[in-house]
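The values are calculated or read from the model by the stated rules, or taken from the named source; none is laboratory data. Everything numeric here is computed off the predicted structure, so don't read it as measured data. Counting neighbours? That spans all protein chains shown, and the Cβs are built from the backbone with ideal geometry, glycine included. Accessible surface is based on the protein model in full, side chains and every heavy atom, while ligands, DNA and RNA are left aside. Shrake-Rupley method; radii C 1.70, N 1.55, O 1.52, S 1.80 Å.
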Amino acid sequence: MEHENHPMANRYLGGDVVVEALAGLGVGAVFSVSGGPINALYNACAVHDLALVHTRHEAAACFMAEAMARTTGIPGVAAVTLGPGVANTIGPALVSAMAGTPLLILGGQAPSRTFERGAGMSWDPLPAMRGVVKWAARVLQPERIEEHLAIAWRKMWSGRPGPVFLEIPVDVLAAPTEPGRGVRYTRPTAGLAAADRERLVGAVAAARRPLVLLGDELFWAPAANAAAVVERLGAPFVTLRLARGVIDEHHPLWLGPGYVPANASLRRALAEADTLLLLGHHFEFDLGFGDGVGPATIVQVASDPELLGKNRAAEIAIAASPAEALAAIEGVAAAGLDRAWVDGLIAEWGRERAAQAGDDAEGGLHPVAAVDAVVAAAPAETVFVTSHGNVDFWADARLRLRAPGRYLRAGQAGALGAEVPYGVGARFARPDAPVVVFVGDGGIGYHVAEFDTAARHDRPLVVVVLDDGKWGAIALPQRAAFGREVAMALPRRDWALVAEALGGVGFHAATRAEIGEAVRAALASGRPALVQVPVRAVLSPYMAYIS
Ligand SMILES: Cc1ncc(C[n+]2csc(CCOP(=O)(O)OP(=O)(O)O)c2C)c(N)n1
Ligand SMILES: [Mg+2]
């Protein structure tokens with residue numbers, strides 16, 4: 001073969017150590033934007049058969065890597081070049097930190113002998129990266145690469161997961177070295193002490209008005225019996241962030257997304273419950289920091305002790321795996337359950353959701369009508385992505401996920417721009433799953449270029465642009481507060497045409513029927529597809545609440 005006669009071919013280098021270690025850790029792909037100092041890594045991907053994806057922006061590479069973790073539980077990895085390449089990863093690292101998702105960013109660097117001499121593109125990223133990641137380090141000996149990857153992996157998963165950064169200068173990555181011993185990692189599960197078990201069972205059994213809040217950790221460490229537990233208890237439950245879908249959200253006890261700003265029924269439940277079972281999460285922004293909690297006894301279970309009592313003290317705070325807690329209360333019934341309260345809440349959520357159903361008044365479709373039409377045309381196993389614009393908040397409230405790992409949303413950081421890369425990344429993680437992305441006419445502009453990446457790698461997905469002709473989430477509250485919109489309009493661009501120019505296929509759809517047809521045709525096309533849907537700008541419950 002042609003490459004075999006070249007000086008660096010057929011030699012075992014630092015890059016080979018990296019790739020073999022990653023493969024041992026279950027990593028399925030490396031996302032990058034090509035950079036010279038990491039050529040040894042790229043070559044190693046070919047040698048050891050690890051998928052390598054060159055995207056159009058380092059931020060997109062990171063979002064795709066993070067999307068792999070959000071869909072499968074196993075992180076992808078982003079490898080980027082020095083200086084501006086690393087600088088472009090700061091945004092997604094922040095998203096991953098604030099969302100509590102694992103992400104390993106590998107950074108290239110100039111040869112170590114040039115340090116402090118002003119080598120081209122070279123910049124010391126460690127101080128800046130330390131501001132956003134859990135751990136950042138530089139490895140200077142090829143024989144210590146594997147050790148550093150093992151540390152990175154442990155740091156990334158410890159407590160609440162998050163991003164880590166490892167820099168490897170080109171002379172280290174391209175240095176001949178010996179194969180490592182292989183890195184393996186199994187996430188530890190924190191068991192339940194006997195006394196905690198007793199308190200937990202006692203509190204749950206005594207509940208008259210129990211409410212179960214299912215959070216992030218149940219995605220990383222699932223509990224197969226979660227549905228059985230809520231059924232036996234007769235307790236209403238909400239699903240938060242990464243836990244969306246850990247119980248099928250078509251379940252009759254589902255009280256909607258665990259998102260206080262978008263769920264008035266949840267606000268009432270928090271105020272009236274006598275027992276709150278907060279599993280694998282903390283009282284964060286989505287739960288109103290716990291401020292709306294009424295007289296309830298709070299029972300909080302999370303592996304990371306740092307989350308216990310955060311923002312709101314818990315009467316019973318247990319540092320253990322929520323899955324262990326669910327195992328402990330399996331079969332426990334709430335003897336004095338206030339059924340009328342439970343039924344009333346569930347009915348209220350049903351009415352709240354039904355009242356959202358949009359009309360087709362003058363000026364175009366209501367965003368809810370558009371979202372519902374898309375969802376109706378998407379197969380049950382679809383992975384959905386939404387973002388942080390006004391129309392995305394409608395989508396967030398409308399979606400009912402049937403299983404975990406099927407809902408990606410930037411989360412606490414609220415970063416526009418993650419949408420298209422998340423969709424492409426999900427398609428790498430789950431090559432057979434249909435992927436549908438909701439994004440606004442503002443958000444699409446960030447990373448629409450990743451249509452090219454999806455096309456080059458044959459990763460079909462459907463991106464639905466909900467086009468209200470403006471930066472809606474900013475414009476609508478601005479109008480309410482100031483009586484006008486200042487430079488908020490976005491002229492209607494032909495995003496379907498952009499998708500076609502980038503190797504995809506484009507559709508326009510303006511009615512419910514046209515949306516259904518376009519989504520089905522997009523799915524059947526087997527190509528990256530964009531469906532552009534004009535919608536009215538209607539303030540979502542979320543934006544109304546926070547404005
Ligand atoms: C990285 C980033 N920059 C800016 C914002 C602020 N922001 C929130 S929503 C929004 C408007 C989004 O417009 P569009 O994507 O069209 O969605 P719409 O609100 O119109 O539905 C902006 C600019 C953000 N969330 N993230
Ligand atoms: Mg918009």
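Which of the three applies to segment 27-170, rounded, prolate or oblate, going by the alpha-carbon gyration tensor with a ≥ b ≥ c and a/c under 1.5 meaning rounded? It would help to have the intermediate numbers written out before the result.
Working: a/c = 1.44, a/b = 1.26, b/c = 1.15.
Because its axes are fairly even, with a/c under 1.5, segment 27-170 counts as rounded.
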Taking the Cα atoms only, what angle lies between the long axis of helix 14-24 and the longest principal axis of the chain, rounded to 10 degrees? 30
Per DSSP H run of n ≥ 4, the term is -39500 (n - 2.57); total these for the chain, divide by its residue number, and report the mean residue ellipticity at 222 nm rounded to 500 deg cm²/dmol. -11000 deg cm²/dmol
Would you tell me the accessible area of Tyr12, worked out with a 1.4 angstrom probe on the heavy atoms of the protein chains, in Å² to the nearest 10? 50
Helix 512-525 vs. the chain, principal-axis angle (Cα, 0 to 90°, nearest 10): 30
Whole number in Å², please: accessible area per residue of segment 1-105, 1.4 Å probe, ligands, DNA and RNA not counted. 32
Kindly report the accessible area of segment 250-327 per residue (heavy atoms of protein chains, probe 1.4 Å, no ligands, DNA or RNA), in Å². 30
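What is the sum of charges around Trp157, taking Lys and Arg as +1, Asp and Glu as -1, for the other residues whose C-beta is under 15 Å from the C-beta of Trp157? Spell out each step's value before the answer.
Details: positive: Arg70, Lys134, Arg154, Lys155, Arg160, Arg184, Arg187; negative: Glu66, Asp216, Glu217, Asp304, Glu306.
Once positives and negatives cancel, what remains is +2.
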Surface share of carbon and sulfur [accessible, 1.4 angstrom probe, percent] for segment 485-547: 60
As a Kirkwood estimate from alpha-carbon pairs, segment 357-498 has a hydrodynamic radius in angstrom of 15.7
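Rg over Rh of segment 1-55, using C-alpha atoms and the Kirkwood radius, what does it come to? Walk me through the intermediate numbers first.
On the way: Rg = 11.1 Å, Rh = 11.6 Å.
On the Cα set of segment 1-55, Rg over Rh gives 0.96.
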Pairing the Cα long axis of helix 367-377 with the longest principal axis of the chain, what angle in degrees results, from 0 to 90 and rounded to the nearest 10? 70
Show me, for segment 134-145, the HN-Hα J-couplings you get by feeding each phi into the Karplus relation (A = 6.51, B = -1.76, C = 1.60, θ = phi - 60°), rounded to Hz, glycine and proline as x. 6, 7, 9, 8, 10, 10, 10, 10, x, 6, 10, 4
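Shape of the chain from its Cα gyration tensor (a ≥ b ≥ c, root eigenvalues): rounded if a/c is under 1.5, otherwise prolate when a/b > b/c, or oblate?
On the way: a/c = 2.02, a/b = 1.26, b/c = 1.60.
Oblate shape, in that a/c is at least 1.5 and b/c is the bigger or equal ratio.
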Only sites in a loop by DSSP and with at most 12 other Cβ atoms within 10 Å count here; which trypsin sites (Lys or Arg not before Pro) in segment 105-178 make the cut? Arg117
Sorted largest first, extent of segment 298-424 alpha carbons per principal axis (Å): 52, 39, 30
I'd like the carbon and sulfur percentage of the solvent accessible area for segment 236-302, probe radius 1.4 Å, heavy atoms only, ligands and nucleic acids excluded. 60
In terms of Cα to Cα distance under 20 Å, which lysines are near enough to Lys155, apart from those fewer than 8 places away along the same chain? Lys134
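So how do 391-397, 357-363 stack up, highest first, on mean other-Cβ count within 10 Å? It would help to have the intermediate numbers written out before the result.
On the way: 391-397: 27.3, 357-363: 12.1.
Going from most to least packed, we get 391-397, 357-363.
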